[in-house]
Each structure stands twice: as C-alpha cells, then as structure tokens.
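Heads up: the structure comes next, in structure tokens.
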Amino acid sequence: MPLRLALLPLAGALLHCLSGQAHAAPQVARLTPPSELFASGQPEPVIARFLPGQRFDLQATLRPDAGQRISAARFFIDGRPVDVPVALRDCTSGCVKGLAPEVAIATVRAVGVERAGRHEFTVVATQADQQTVTARGNFEVVPFTAAMGPKVRNLIILLGDGMGAAQRTAARIVKNGYAQGKALAPLAMDTFPATALVKTASLNSVVTDSSPGMTAYVSGNKNNNNEEGVFPDDTLDPFDNPRIEYLSEYLHRTQGKALGVVTTADVFDATPAGNAVHTSSRGAGTGIVDQFLDDRSLTGLAVLMGGGRKWFLPAGTPGSERAEANDYAFSATQPHTAEIVRRWGAAPGAKDKGRDLIQDFQQAGFRYAATKTEMDAAAGADKLLGLFAFSNMNVALDKINGRRGVKTGLSGSVVDDFGFPDQPMLDEMTMRALAVLRKQPKGFVLMVEGASIDKQAHNMDTERWMLDTIEFDRAVQVAQDFARERGDTLVIVTADHECSGAALIGGSMLTDLALQQAAQSRGAANLRDKVVGVYEKAGFPRYKTAADGYPVTTDIDHRLLVGYGANADRIEDWRTNATPLRDSQQPLAKQTPLKWYPANPSERDDAVGEFAVTGQVPGDSAVHTATDIPLSAFGPGALAFTGVIDNTDVFFKLAQAAVKGVTAPADASGARRPKAAVARKP
C-alpha cells in the first residue's frame, strides 16, 4: 500500500485522541488494474499495459470503519474524474469468504485511454461519516510506432499447449531423423525466420496455467491462474470480474476483423476460451460456450472448432453436461453486472441448461459439422462450428491408428472406444478454418491450438505428445503456406508454457524385442541400466515415416528416450502405451469400454516392468514449469519477435502490425516478395 495510505490509520488514531470518539479511516483493500504503486508504493514495474483506446475496467474493494458503510466512490485518471457511472455494491452476499457485509466494491466499466504514456489512477471513497480514503495505482498506454511496412491483414497464432524446446526437438527427431549430427529435414516451425524466448509467469505465480498463458498474448496483461480476460476481484460470480478487451474484440471493434478458434481440446478449455471469453473460472463450461455465441458481435467469431459437444446439448440429452451452476446471467437490477451489458455491449446471458446451443449457432448462420466428413462438405460455409467429440478430441496417435485400422482399443481402435471414429486432424481443421476466414473482407485473427501436447505431457505419455507435436507442426505448415501465398499474414508459433519438464535423455540401447524382454526381467537394473543410452550410446533414433506423415510405428529399435523433471510417480517401460489414460472430462468416461482405461500412470501396462520412477511432485500428473519457451514468427512483422520478451509483449507486437504496420522491412521476414522484373531480349 502507498506510504500515504499507510499513514491514514495514524491519522485516524490522532482524530480519536483529539475528539474522544472511536474512528478509524476506511481502507482500500484491492485496486484494479493491479499495480506495484498500490501494492508496494513503488512505481516500477508497471504491471498493467493497454493499447490506445483498449478498454478495461476500474475497480476498488473498500473496507469502511466498523459500523460504517461506504456511501460514495469516484475514480480519477491523471487527476481528472472518470466520467462513467460508478457501480457500488456491498458484500451482504456474493463476496469471498472473510469480507464483512459492509465491505463495498466500486466498479467502472469499459474505460479507455488514448494518450500514450504512463498514467496514474486514483479512487476516492467516502463513508457515511464523511471520512475518506484515497488510493492510487498506475498503468501504461503503449504507443504505436511509425511503420516501416504495410499493415498486416491477418494474424495467425499457433499455440502448442505445453510445448517447450524439448517437445519441438523430439518431434524433429521422430518426424525427420538425424544423420551424423545433422537433421535430415526441419520442422515447418524451424523454418520461421525469427525466434524469441518468452517469459511465461502469470499475475499470481511464476508457474502459469493455460488460462493466463494464453490471455497474455491476446490482452497484453497478466491474469491470475485459472482466469481468462479478467483481473481478480473479491466476488464469487465467475463472470463479473473486471474485464480487459481482447485482441479479437479490439480489432473487431476498430477494424471489423473476424475471429477463428481451432483446438483439439474441448472448446471450453482454457486456451480457446482465452481468446473470447471473460471469466475467473476456466471450468465454468456452460457459461463459457454460451459467451462464445452470445458475444460474437464483440469478437467477430466466425469459426469455432474442436471438441466439447457436451456443453452444446440440452440438459437431459445423453452426453450433455450443461448446468445452471456454471452458466451466467447478468442481472439488470444489479449495477455491477448491468454495466457489463450497458458499457461493454455484452449479452445479458441466462441460466438456461436446456438451451440447444448447436441450434442457436445454426440460427446465427453457422454451418455445423460433427465429423470430418461433414467438415469437408462445408467448403462453402461463411461461418463454421465443428464439434467432433463430447469433450477433448482424441490425440493424433489414436486418430491415425484409427485411420490405419490399428486396433489397440478394447472394442477396436481407441477412437472406436470413444465413439467418434471420424475426427479430423488439426492440419485439416486449420485448412478448413482458413477457407472460411479468407472470405472475411477486413481480415481475421485465427488461434490454432495443439492442445494435447500439454495433456499427454501431464500424463507422461511420451509417444502421444510426440505425435501431437508432429500433428501441430503439420498445422503450422498449412498456416505458413497460406501466409506465403498471400504476403499479408503474420504467423507466430509458440506455447503458453512448458509442461512436465520433458528432457530428451538419450536413446535405447536395445531393440524393441529386447526391450520387451527387459520388461519381463523387471526393475531398474534391467529397464534403466541396460536400456538408457546416454551421450554417444544414444546414437540417432531412426523412425520411418508413412505416407500419412506420421511414424509407421513408435516402437522402433533403439528408440528416443524421454525423462521428466516435473513428474509425478510413474512406472516406465519406455514402450508406447496401447491406450491413453482415462479422460475424466469425457461425460461417458465411467461407461464401458472407457471405464477400463487406466485411471493414472501407475495403472498402465508399464507396471509389468516394475521400474518405478519417483516423482518430484505429488499426485498422478506431471505439472507445468516456469521455463521460458520458444516463439517463432513468419510473415510481415516477424522480425519484431526477437530476444527475450515477456508474454504480454507479444500482444503489442501483433497489434502494432495490424493497426499501424510492421516495424521491420517486410522482405526480411520470410513473407512472399514481389517478383523481380525480367528484361526481355529485343
């Protein structure tokens, strides 16, 4: 708290001594946007940063003196009053545990500041006995700079969830191989001309989760873990937090750009939702998917594809998990929520678990696809909704095995067990999304997520995240080809964080048959000491690639071996697991045959070998790490992405390219160059 605020209780005590009456000054317990000026009294570093005119909310939590109430509050920016109504509510109900009923929360919605530079904002609150309290914070409006090239029409953000340097390297080894120390071919993402390292910390932790990991890129601000497009507050409602305008909202409002969201996860998941949805609870599935449609006028949503059909089906339909408990509705009689509707232009929402959201999307002009076949048939669609599974889609290894007729499941292939045998690959989804979005007259923002790089790294299921990284790179190739063809599209490839502390420790010294025999002999002496080849004993694992672009098999002789630095306890035999772990997010996970899938890593077939690897973290899952992650860029503006940068910096670089133009020569960024004139012979 700033020094002058810290002195206020002393002033109150002095007043008590002079008057003989018990008075204490009211206090400001929280001030939003977050700032070090408020938290510690220090002006550096500036925490909250915005584009010129980017909208955000101001909020303060106010503690009155005992027996008093807050009667008024006002906000000021640079000493000038904010000419927007202040919504004032108490904490009689709906606030976090520990706040007294007389605590008040003052909010001003959808403020924007055009003038670049550092700004100081202030709240002045008055309680019933006319005592006042003042608190101040700061934020920065980041200026656009003079452009050296044209504006970028389209932005494509390819996010490999949980994909650190190790995951990228493993995909390169498995997909293309090495010979005498040289990679036989690069990944598509390896060919991008600019690379940066990105710091990934969230607002409340050095280790981020996927929500703030994504939103930093598309809001320019830090969020708390588990929160999307909002600053933290002291209320219980997951949809009433102070908002920050997303890149999609800003560019749709100012330029009319459209938004596309493509993921292999459930579409309610943290990364897809972190491009369009404002909530403090990444798990509020019903309200999250409703907000995708309800607020499409704010984001320009034109494409939404992934899993997550369970949130779109009316309650009572087999597979539906719609519930009023995680839905949203903004009361018109409560100013703190009514102002979200009035000032932001957001939909009021409704607690409507019986809603048929697929039908509502269709009535809004979206073509609906439930399978790859239906997606392929939607070639002429202007808007597209694709929901290819009840929750998370199956991973690349299992989808490819399904297409090849490999029956590693319990009733056939794994995708047969899940009941969704006709799922598209991520590159196929990306291609279809671009076919829809390229029709947008003002351009678009497209986010494409390879979600299960992270999910399978959590499960320490090595071959599954390896193939998901290869699948993701194939989507990268699609986006790069699109950008190269057009010359007006900036593409970045990055991650929200690293997952599991994956480390490529070497190669197996055994053939696959000998490895199976070693598992029968059991224990570390046979499955570690006789298997793990390090340094020159690792050699160069040689995987063969099939015509579909994926390894013929991952169970090769002298395979690549991966260890984990952020792992839970596991039992390891180094071979590919026949089935994935049971996915608790699947609504039918407790039914046959999925209920027979292993519930955690200790129940997998690896247990036969009895080579137990002690974890560094509790529980059954590997965790995210605080490691910096690589970012690669292609197209006009790519050379802005170099050095070691904060994840929030990415937002301002993307916006600069789209709003004012690129700040590096376009012909140095990997974009298509105009053909040189050729002199004809006379």
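Observations, loosely collected:
- Of the listed requirements (1) out of contact with any Cys (no Cβ under 9 Å at 6 or more places or on another chain); (2) assigned to a strand (DSSP E or B), A146 misses just one: (2).
- Across the range 173-184, not a single residue is classified as of a type in the set (S, T, Y) and not in a strand (DSSP E or B).
- Selection within the range 100-112: residues that are crowded, with 21+ Cβ neighbours inside 10 Å and not hydroxyl-bearing (S, T, Y). The member of this set that is nearest to S219 (Cα to Cα) is R109.
Table: residues versus (1) part of a helix (DSSP H, G or I); (2) open to solvent by less than 10 Å² (accessible area, probe 1.4 Å).
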residue: A475; (1), (2): yes, yes
residue: D481; (1), (2): yes, no
residue: L490; (1), (2): no, yes
residue: A503; (1), (2): no, no
residue: L510; (1), (2): no, no
residue: Q516; (1), (2): yes, no
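- Flag for Y550 being within 24 Å of A518 (Cα to Cα) and hydroxyl-bearing (S, T, Y): no
- Scoring E471 on the criteria (1) open to solvent by 40 Å² or more (accessible area, probe 1.4 Å); (2) of a type outside the set (S, T, Y); (3) touching a strand residue (DSSP E or B) at 6+ places or on another chain (Cβ under 8 Å) leaves a single failure, condition (1).
- Residue match in the range 113-121 (condition: over 30 Å from K653 (Cα atoms) and either buried (at least 19 other Cβ atoms within 10 Å of the Cβ) or touching a residue at least 60 places away in the same chain (Cβ under 8 Å) (or both)): no
- Matching residues, the range 39-53, being in contact (Cβ under 8 Å) with a residue 40 or more places away in the chain, under 15 Å from K222 (Cβ atoms) and not basic (K, R): V46, I47, A48, F50
For (1) basic (K, R); (2) under 17 Å from T235 (Cβ atoms); (3) within 26 Å of the chain's Cα centre (by Cα), each residue gets a yes or a no:
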| residue | (1), (2), (3) |
| --- | --- |
| N326 | no, yes, yes |
| A329 | no, yes, yes |
| H336 | no, yes, no |
| E339 | no, yes, no |
| W344 | no, yes, yes |
| A347 | no, no, yes |
| L357 | no, no, yes |
| D360 | no, no, yes |
| R367 | yes, no, yes |
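- Taken over the range 367-392, the criterion of being without any contact (Cβ under 8 Å) to a residue 40 or more places away in the chain and aromatic (F, W, Y) is satisfied by Y368 alone.
- Scanning the range 451-486 for residues that are touching a Cys at 6+ places or on another chain (Cβ under 9 Å) and among the β-branched types (V, I, T) gives a single hit, I453.
- Looking only at the range 393-426, and only at residues there that are in a helix (DSSP H, G or I), β-branched (V, I, T) and touching a residue at least 60 places away in the same chain (Cβ under 8 Å), the one that is farthest from K590 (Cα to Cα): I400
- Checklist (1) assigned to a helix (DSSP H, G or I); (2) open to solvent by less than 10 Å² (accessible area, probe 1.4 Å); (3) of a type outside the set (S, T, Y); (4) more than 23 Å from R296 (Cα to Cα) applied to M429, failing item: (4)
- Subset tally (residues that are without any contact (Cβ under 8 Å) to a residue 12 or more places away in the chain and touching a strand residue (DSSP E or B) at 6+ places or on another chain (Cβ under 7 Å)) for the range 177-227: 1
- Answer from F144, F139 - the residue that is surrounded by fewer than 18 Cβ atoms within 10 Å (Cβ to Cβ), over 22 Å from A338 (Cα atoms), within 32 Å of the chain's Cα centre (by Cα) and touching a residue at least 24 places away in the same chain (Cβ under 8 Å): F144
- Positions within the range 326-352 being touching a residue at least 12 places away in the same chain (Cβ under 8 Å), open to solvent by 30 Å² or more (accessible area, probe 1.4 Å) and farther than 29 Å from L446 by Cβ, in sequence order: A329, A332, Q334, P335, R342, A350, K351, D352
The values are calculated or read from the model by the stated rules, or taken from the named source; none is laboratory data. Fair warning: this is a prediction, and the values are worked out from it, not measured in the lab. Positions of Cβ are generated from backbone atoms using ideal geometry, with glycine treated the same way; all protein chains shown enter the neighbour counts. When the accessible area is computed, the model is the full protein with side chains, heavy atoms only, and any ligands, DNA or RNA have been set aside. Shrake-Rupley method; radii C 1.70, N 1.55, O 1.52, S 1.80 Å.
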